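Before any comments, here is the structure.
The values are calculated or read from the model by the stated rules, or taken from the named source; none is laboratory data. Computed from a prediction, not measured in an experiment: that's the story for all the values here. We place every Cβ from the backbone using ideal geometry, glycine too, and count neighbours over all the protein chains shown.
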Amino acid sequence: MSSKLNAETKENLSCEIKRLQERCLDICNIIENSPFDATISVNNVGERALSYVEGLRAEIQNSTTHIPIDENLIVTQFLAEIKEKTEQVKEFTAFTRGTILDIDNEIQRLNDLTNTAKEALSRPRIVQCEVRPEHLQKAKETFHILKTELHGLIQSLFPNASDSIVEVMGQLMQEKLNEESSGYVQITQENYRIIELLKDMNIVTSNPYNNMEVKIAY
């Protein structure tokens with residue numbers, strides 16, 4: 001705003017100086033082209049010149065050059081600064097609220113983990129018995145029965161996709177039983193339809209950090 005006022009003032013002063021220069025040139029031309037005045041003599045020429053110069057000085061002094069000013073410039077600048085500071089405060093307030101919300105969520109997550117750990121510690125520990133060959137045999141027989149029943153159920157519910165479902169379930173179980181694996185299976189173009197079906201049945205869950213991976217939900 002200040003630079004704009006300075007530019008306008010400079011322009012107005014330049015115009016006024018130019019006008020005075022043109023006026024002086026006009027007067028000189030008039031004097032040079034005027035006919036000889038017999039009333040002007042050696043004795044009064046100086047007096048007449050001084051009178052004319054005095055009149056010209058009075059005209060210059062009385063001439064008005066418009067200098068634009070803004071009486072509310074300081075107030076305007078102050079209000080602009082206040083507005084800018086207000087916007088900065090609003091942005092900082094929003095950022096602080098977001099940070100507080102993130103902290104609250106993190107505290108809640110830690111509380112949930114603490115409660116889960118306390119619940120796990122409060123449960124009675126299972127006394128492990130010695131595993132004998134007959135136990136393994138019984139487990140194999142039970143697993144075989146469950147596997148057969150599961151295949152039959154899948155065949156009856158999804159006759160056109162039973163083989164694909166069994167194959168995907170086999171991959172999921174293999175990853176779950178692998179101690180060195182995270183348990184997740186990559187979603188591909190081939191198994192995408194089966195994975196979506198298993199999701200609808202709540203059999204698998206997605207990796208929260210990679211939605212292109214799933215694992216058995218149980």
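So which residues in segment 179-210 are among the small types (G, A, S) and in contact (Cβ under 8 Å) with a residue 24 or more places away in the chain, if there are any at all? Talk me through it step by step, then tell me what you get.
Filtering segment 179-210 for residues among the small types (G, A, S) gives 181-183, 206.
S182, G183 - these are the residues of segment 179-210 that are among the small types (G, A, S) and in contact (Cβ under 8 Å) with a residue 24 or more places away in the chain.
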Please identify the pairs in which a residue from segment 149-175 that is over 17 Å from E196 (Cα atoms) has its Cβ atom under 7 Å from the Cβ atom of a residue that is charged (D, E, K, R), counting only partners at least 6 apart or on another chain. E175/K215
Of E106, E141, E213, the only residue that is among the acidic types (D, E) and touching a residue at least 24 places away in the same chain (Cβ under 8 Å) is E213
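Considering segment 170-194 alone, what residues qualify as being of a type in the set (A, V, I, L, M, F, W, C) and either part of a loop (DSSP other than H, G, I, E, B) or farther than 24 Å from F143 by Cβ (or both)?
Looking only at segment 170-194, we keep the residues that are of a type in the set (A, V, I, L, M, F, W, C), and these are 172-173, 177, 185, 187, 194.
I187 - this is the single residue of segment 170-194 that is of a type in the set (A, V, I, L, M, F, W, C) and either part of a loop (DSSP other than H, G, I, E, B) or farther than 24 Å from F143 by Cβ (or both).
When residues of segment 195-204 are filtered for being buried (at least 16 other Cβ atoms within 10 Å of the Cβ) and either among the polar types (S, T, N, Q) or not in a loop (DSSP other than H, G, I, E, B) (or both), how many remain? Before the answer, list the steps.
To start, the set of residues in segment 195-204 that are buried (at least 16 other Cβ atoms within 10 Å of the Cβ) comprises 195, 197-198, 203-204.
The next check asks that each one be either among the polar types (S, T, N, Q) or not in a loop (DSSP other than H, G, I, E, B) (or both); those that pass are 195, 197-198, 204.
Going through segment 195-204 one residue at a time, the tally reaches 4.
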Here is a list: E54, E59, E84, E71. Which entry is at pLDDT 75 or above, out of contact with any Gly (no Cβ under 6 Å at 6 or more places or on another chain) and among the charged types (D, E, K, R)? E84
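When you look at P124, is it assigned to a loop (DSSP other than H, G, I, E, B) and over 30 Å from S206 (Cα atoms), yes or no? Can you show your working first?
Numbers: assigned to a loop (DSSP other than H, G, I, E, B): yes; over 30 Å from S206 (Cα atoms): yes.
It is true that P124 is assigned to a loop (DSSP other than H, G, I, E, B) and over 30 Å from S206 (Cα atoms).
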